[in-house]
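One structure below.
Each reported figure results from applying straightforward, stated rules to the coordinates on display, with no laboratory input. Note that the structure is predicted; figures quoted are calculated from it, not measured. So basically every Cβ, Gly included, is an ideal-geometry build from the backbone, and we count neighbours across all protein chains shown.
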Amino acid sequence: MKTIAKITLLSTFSLFMACSSSTEQSAEKTEIKAENVVVADFAIEGMVCAMGCAKTIEEEVLGMNGVAASSVDYESGKAHFEYDKTQLTEAELIAKIESIADGQYHVKPWVEPTEEPSTETATESTTNETSNTSAEEDKAKVKVKMPSFQLPNLFTFLINQV
């Protein structure tokens, strides 16, 4: 019995020692010079959430040697990176993003959305047309009355059941 207790104690001690020892390797980042910094904006497809997808891409790319800044916006699908062109290429950056999550993400060049010019005359004419059709549609609609639900009726029903 003492042998089992010693073995249990020894294995528990070994387990705690193994868990407490740090196995992480500290990656040293090299210095990035301002004149070598390149800005790259991409459209990333395949993201389904802000915290899981966008944040993961942002952190993985920021962990690469030569990356100065990493920002991924889930809502717009835009990724913005600043990196040292002497330490990293755009192709390596794209390859890293597309390798995350077993190739779930696809990188394309970012194209700024264009604003459509607003024409007030076109808006006014369509508003007038829709107001005429909506009045005709209102006349054709059938009005349905739904039975109302009142709490006193529920209490009366329950009392009558008893």
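Observations on the structure shown:
- Each residue of segment 82-90 is assigned a 3J(HN,Hα), and the resulting list reads 10, 9, 8, 5, 7, 10, 8, 10, 5 Hz, derived from the Karplus form 6.51 cos²θ - 1.76 cosθ + 1.60 (θ = phi - 60°), x at Gly and Pro.
- For Thr56, Thr3, order by how many other beta-carbon atoms lie within 10 Å, fewest first: Thr3, Thr56
- Rounded to whole Hz, the Karplus (6.51, -1.76, 1.60) HN-Hα couplings of segment 62-70, x for glycine and proline: 5, x, 6, 5, x, 8, 8, 8, 9
- Summing charges over all other residues whose Cβ lies under 12 Å from the Cβ of Glu112, with Lys and Arg as +1 and Asp and Glu as -1, gives -1.
- Scalar couplings 3J(HN,Hα) for segment 103-108, obtained by applying the Karplus form with A = 6.51, B = -1.76, C = 1.60 to θ = phi - 60°, are x, 5, 9, 10, 9, 10 Hz; x denotes Gly and Pro.
- Stokes-Einstein diffusion coefficient of segment 34-109, Kirkwood radius over Cα pairs, 25 °C, 0.890 mPa s, in µm²/s: 202 µm²/s
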